[in-house]
Amino acid sequence: MNSQSKAILFVLMLVCAILGLALAASVVNACHSFDNVLFLDGAARSARVAQAVEAGETGLKLTLFQNAFWLLGLAILLLAGALWCLARLNKVSERSRGITKLVLTSYRPLVILVLVTLVFSCLHVRFFTVGNFTNILRQISHYAILAAGVYFAILLGGIDISVGSVLAFSGAMGAFILSRMPENSWSALLAIGAALLIGIGAGLANGFFIARCGLQPMIVTLATMSIFRGLTLVLTNGAAISLSKKMAGYGLFTGLGQGAVLWGALPIPIILMALIYALAFYLLNRTAFGRHMYAIGGNEEASLLSGINVQKVKTLAYTISGLLAGVAGIVVTARVASATPTAGQSYEMDAIAAVVIGGTSLRGGEGKVLYTIIGALIIGMLNNILNLTNVSSYYQTVVKGIVILAAVLLDAKSVKKD
Amino acid sequence: MGKMILQLKGIDKSFPGVHALREVDLNVYEGEVMALLGENGAGKSTLMKVLTGVLARDGGEILYQGKPVSYRNVRQAQDDGIAIIHQELNLIPKMRIYENIFLGRERKKKSGALDIRTMIETTRELLERVRVQLDPRERIENLSIAQQQMVEIAKALLLDAKVIVMDEPTDALPDEEVDSLFGVIRQLKAQGKGLIYITHRLKEVFEICDRATILRDGSFIGELPVRELNMENLVSMMVGRELTEQFPYVKTARGREMLVVKGLSNAHVHDIDLTLYAGEVLGVAGLVGSGRTELAKTLYGLYPWEKGEVTLNGKPYRAEKPSEAIAQGLFYMTEDRKRNGLVMLMDVAGNITLSSLSRIRKGMSIDAKAEREIVSDYIEKINIRTPSMRQRARNLSGGNQQKVVLSKALMTEPNVLILDEPTRGIDVGAKKEIYHLINEMKERGVAILMISSEMPEILGMSDRILVLYDGRVRGELDREEATQEKIMSLILSDIQRKEAVSV
Ligand SMILES: Nc1ncnc2c1ncn2[C@@H]1O[C@H](COP(=O)(O)OP(=O)(O)OP(=O)(O)O)[C@@H](O)[C@H]1O
Ligand SMILES: [Mg+2]
């Protein structure tokens, strides 16, 4: 095909894409201004239209709103047309194929995030608002902090499924200390310190068995998962430890979960999460330790022969994972001002899911830590939209499973092609 | 001249940033061996991947027995009679020979159960045809590389392949096993098979091939009958310029004692005594399994020591892991770059600096600018062909991967450098560049221990030669007195002695 027809295809694609997006955006916007949920059932919808007409409302917005379904269908058709052009273009143009491949492999989680945001914004009025996003971020901060730690383990080609239990135990220990020293004003710091130490200790233990004794990460962390869940039950005696305002360290401790800065607009857990990811990014991408992590994940034997202290790096990685579980323990306990023995249960699964949806290979050696937070965000947005649209929480679990499968499937496909 | 069975015409293939093949032609004739030659990264492996459907071609056509074909995967190509034996062998170590040969094509009885007896019998016949005596039930992991290759060839025979591609089959073979491979190749020729033979050991071209197709930088240079070729014009066609003298040995003044080993023993080596001087190359010769690599790995801290004393640069030396060896100034470059030399998922830059990250540190971070400068220096100096330093190691051609490993070794600036098969799978031009680098290091006073199975390399580059057999030092020869015969006789005398004892 000559360059002229390539240019035509390219322009056609751009036109389709822009028209499609513009149409979708204005329709969604029109629906928003009528305060309507797109997929509300028919009766409520027609009632809203009738109400608007009665109020003497006319004009473009109303027309758009009335014909929202058709117009959205048209927008989808246009976008599909753009995709079709892209596919044709990829068939005939080397460069276009290269770019598409790059976008779909290197930036896949971002692409998915954008798509998901677009679609979800169409599904509910209140989805695309600052308040809702703050809400989502605060909700995901719990398992996103865990996920940052789990990312270290997965990057090595390992896994850490003990983080949920470590979270519970360190949180419970914090609450325990607070409730035992109601008068001591240092108790909050002590509680925080103890929780972090428990995280570090748990991580060190995992690291010891995995790196020094050469045991399988899955088995080791399965065992420690059980151990720490058990210890939590022992410590709490099977019941929740509630924090009360009368305790001296209450304010400082719970502030870590409930507090906010910027006149309440920016919750502390989000700040913590951002800090942790910034730090993890720095560690993994700018330091020798990070290089060593990627190297060991990619080829352990070659790393050893290159003079990397493999055991040390591995131990450190699991320790980081434990430490972050400790941090998450504090945040979760502080948020609800109580430590329950079942806290953090199945959080490890959300954390692993976030890492996987973030495009990290379970084989180890490749991945981007910042995509993990995008993975967590996608899960969070999914939960959020299902809540907003009143889908039962039972289905939420099903949907989450399907999303994980889809993510892994994409990963497997791109590996095969590479 | 045999009939043409396979014809590739005007094959074109690009990767992002690399035009790997431009209008390349390749013909295969019945009963003949076609050599496919070219420098590292010339596109030989890529051409074969296009042929067998591993990669899709961008242009050109493939005619097989006169008909245009286009395979989508190796399986289709195999079913049609085109078998490929890859640079890296594709057998499953834990499985038995016959299971590997019949993998994906298992014979079944009517009942649906596996017909193990038939499979074993067929395997036995096939193994006889390639003249190896092996039990079909033997596990692959217990076979030598040469034997594994024979199994791959047997597999090709089972498929009744008419075209067999061998990508650097002698790359990892010791000299003495090359001959038996050649025996089998001659037999395949006699049966009228067409063979494509990729190699960097040009001597073999004259020994076993009938014609040669030469590629350079992805372009087709020519197809010539081997009898019209000699070493010089072949090399100049490959590299596009004249190359003089293959082994550019330089004599340097021997420095002080750099590495002194006394009575080193463990499970793999026994009573090793050796002295290595600054600014010399000590070649280590021996058969496969003679303990050469084991000696290197022992010094590198990969195997525990039982007895013995070592000093390095006058100081007592002991390493329990490679990081300790590197810290004391000793680096070992492994023989198997795929398995443990490189992190394939990492980019070129990451691999080169992997062992010396502490040298480019700025505070806690890696100094990205320093890294870029050093890496581009090496890429230029060693002539690594890669579109960028951010290319993953896995996407480089074999020879260029080897250069990356060598750069990693050089960057640690070692006092003692152990090279294990430093030019395996490397083209003539690059080989020479590597020899020049070895010389350069020699002149800077690095002490080099060079393990190699290529006799000419050992003879051509070493100042002294150490002969190992069965984990023991069997003798030492000076450059002037050393010949292939003398080395072999040192080894053989030992075998005879052993046989005399066992009789
Ligand atoms: N998957 C890939 N992605 C990007 N570039 C590639 C890929 N595979 C090969 N190349 C590039 O294509 C070129 C040809 O490589 P190829 O492996 O065919 O060389 P070769 O002739 O077999 O070399 P060698 O003798 O070293 O094995 C090289 O420059 C290589 O870097
Ligand atoms: Mg090759």
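The values are calculated or read from the model by the stated rules, or taken from the named source; none is laboratory data. Just so we're clear, the structure is a prediction, and the values are computed from it rather than from any experiment. We place every Cβ from the backbone using ideal geometry, glycine too, and count neighbours over all the protein chains shown.
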*asked:* Considering only residues that are farther than 23 Å from B:K193 by Cβ, out of contact with any Asp or Glu (no Cβ under 6 Å at 6 or more places or on another chain) and surrounded by fewer than 17 Cβ atoms within 10 Å (Cβ to Cβ), which ones fall in segment B:93-107?
replied: B:K94, B:M95, B:E106
_Going by what's in this entry, would B:Y300 be described as touching a helix residue (DSSP H, G or I) at 6+ places or on another chain (Cβ under 6 Å) and either modelled with pLDDT of 90 or more or surrounded by 21 or more Cβ atoms within 10 Å (Cβ to Cβ) (or both)?_
yes
_Tell me the residue from A:A353, A:A339, A:A407, A:A343 that is over 19 Å from the mean Cα position of the chain (by Cα) and either closer than 30 Å to A:S244 by Cβ or of a type in the set (A, V, I, L, M) (or both), please._
A:A339
*Can you confirm whether segment B:94-113 contains a residue that is within 15 Å of ligand 1 (Cβ to nearest atom), under 26 Å from B:D336 (Cβ atoms) and touching a residue at least 24 places away in the same chain (Cβ under 8 Å)?*
no
*Limited to segment B:48-70, what total is found for residues that are closer than 12 Å to B:Q7 by Cα and either surrounded by 17 or more Cβ atoms within 10 Å (Cβ to Cβ) or within 13 Å of ligand 2 (Cβ to nearest atom) (or both)?*
4
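Within segment A:291-309, take every residue that is surrounded by fewer than 22 Cβ atoms within 10 Å (Cβ to Cβ) and part of a helix (DSSP H, G or I) and give me the one that is nearest to the other protein chains (Cβ to nearest Cβ). Walk me through how you get there before you give the answer.
Initially, segment A:291-309 is screened for residues surrounded by fewer than 22 Cβ atoms within 10 Å (Cβ to Cβ), giving A:300-301, A:304, A:309.
Restricting the remaining residues to those that are part of a helix (DSSP H, G or I) gives A:300-301, A:304.
Values: A:E300: 9, A:E301: 4, A:L304: 6 Å.
Per the stated criteria, the residue is A:E301.
In this structure, is B:R216 surrounded by 15 or more Cβ atoms within 10 Å (Cβ to Cβ) and within 16 Å of ligand 2 (Cβ to nearest atom)? Break it down stepwise before answering.
On the way: surrounded by 15 or more Cβ atoms within 10 Å (Cβ to Cβ): yes; within 16 Å of ligand 2 (Cβ to nearest atom): yes.
Here the answer is yes, as B:R216 does meet what is asked.
Looking at segment B:156-192, which of the residues that are assigned to a strand (DSSP E or B) and at pLDDT 90 or above is farthest from B:S452 (Cα to Cα)?
To start, the set of residues in segment B:156-192 that are assigned to a strand (DSSP E or B) comprises B:163-167.
This time we only want the ones that are at pLDDT 90 or above, so: B:163-166.
Numbers: B:V163: 32, B:I164: 29, B:V165: 26, B:M166: 22 Å.
Residue satisfying both the conditions and the ranking: B:V163.
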*From B:K251, B:K262, grab the single residue that is over 22 Å from B:R424 (Cβ atoms) and surrounded by fewer than 14 Cβ atoms within 10 Å (Cβ to Cβ).*
B:K251
_Test: residue in segment B:331-351 that is free of Cβ contacts under 8 Å to residues at least 40 places away in the same chain, more than 22 Å from the chain's Cα centre (by Cα) and loosely packed, with under 15 Cβ neighbours inside 10 Å_ = no
*Tally, over segment A:271-303, of residues that are closer than 16 Å to A:G367 by Cα and of a type in the set (G, A, S)*: 6
*asked:* Every residue in segment A:224-265 that is without any contact (Cβ under 8 Å) to a residue 60 or more places away in the chain and either in contact with a Cys (Cβ under 8 Å, 6 or more places away or on another chain) or more than 15 Å from A:A175 (Cα to Cα) (or both), please.
replied: A:G230, A:G259, A:A260, A:V261, A:L262, A:W263, A:G264
_Conditions first: (1) under 20 Å from A:L155 (Cα atoms); (2) within 16 Å of ligand 1 (Cβ to nearest atom); (3) at pLDDT below 95. B:L357 passes all but one, so which condition is the exception?_
(2)
*For segment B:392-420, name all the residues that are more than 12 Å from chain A (Cβ to nearest Cβ) and within 16 Å of ligand 2 (Cβ to nearest atom).*
B:L396, B:S397, B:G398, B:G399, B:N400, B:Q402, B:K403
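For residues that are of a type in the set (K, R) and surrounded by 21 or more Cβ atoms within 10 Å (Cβ to Cβ), tally how many sit in segment B:162-207. Spell out how you get there, then give the answer.
Filtering segment B:162-207 for residues of a type in the set (K, R) gives B:162, B:186, B:189, B:193, B:201, B:203.
Then drop every residue that is not surrounded by 21 or more Cβ atoms within 10 Å (Cβ to Cβ), which leaves B:193.
The number of residues fulfilling the criteria is 1.
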*Answer yes or no: is there a residue in segment B:58-72 that is over 24 Å from B:L224 (Cα atoms), away from chain A (no Cβ under 14 Å) and assigned to a loop (DSSP other than H, G, I, E, B).*
yes
*asked:* Being out of contact with any helix residue (DSSP H, G or I) (no Cβ under 9 Å at 6 or more places or on another chain) and among the charged types (D, E, K, R) narrows it down to one residue among B:K431, B:K442, B:K408, B:K403; which is it?
replied: B:K442
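May I ask you to say which residue of B:L202, B:L229, B:L195, B:L215 is closer than 30 Å to B:Y64 by Cβ, at pLDDT below 90 and within 21 Å of the chain's Cα centre (by Cα)? Please lay out each step first, then the result.
Numbers: B:L229 fails: within 21 Å of the chain's Cα centre (by Cα); B:L195 fails: at pLDDT below 90; B:L215 fails: at pLDDT below 90.
Checking each option against the conditions leaves just B:L202.
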*Within segment B:50-65, can one find any residue that is touching a strand residue (DSSP E or B) at 6+ places or on another chain (Cβ under 7 Å) and of a type in the set (K, R)?*
yes
*Residue in segment B:220-239 that is within 16 Å of ligand 1 (Cβ to nearest atom), within 30 Å of B:V163 (Cα to Cα), in a loop (DSSP other than H, G, I, E, B) and of a type outside the set (V, I, T) present*: no
_Which condition from (1) within 30 Å of A:R363 (Cα to Cα); (2) surrounded by 17 or more Cβ atoms within 10 Å (Cβ to Cβ); (3) of a type in the set (A, V, I, L, M) is the one that A:I268 breaks?_
(1)
*What are the residues in segment B:297-336 that are away from chain A (no Cβ under 11 Å) and aliphatic (A, V, I, L, M), if any?*
B:L299, B:V310, B:L312
*Scan segment B:337-354 for residues that are of a type in the set (G, A, S), facing chain A (nearest Cβ under 7 Å) and over 19 Å from B:M450 (Cβ atoms) and jot them down.*
B:G350
*Hey, can you tell me all the residues within segment B:8-53 that are more than 14 Å from chain A (Cβ to nearest Cβ), of a type in the set (G, A, S) and in a strand (DSSP E or B)?*
B:G10, B:A35
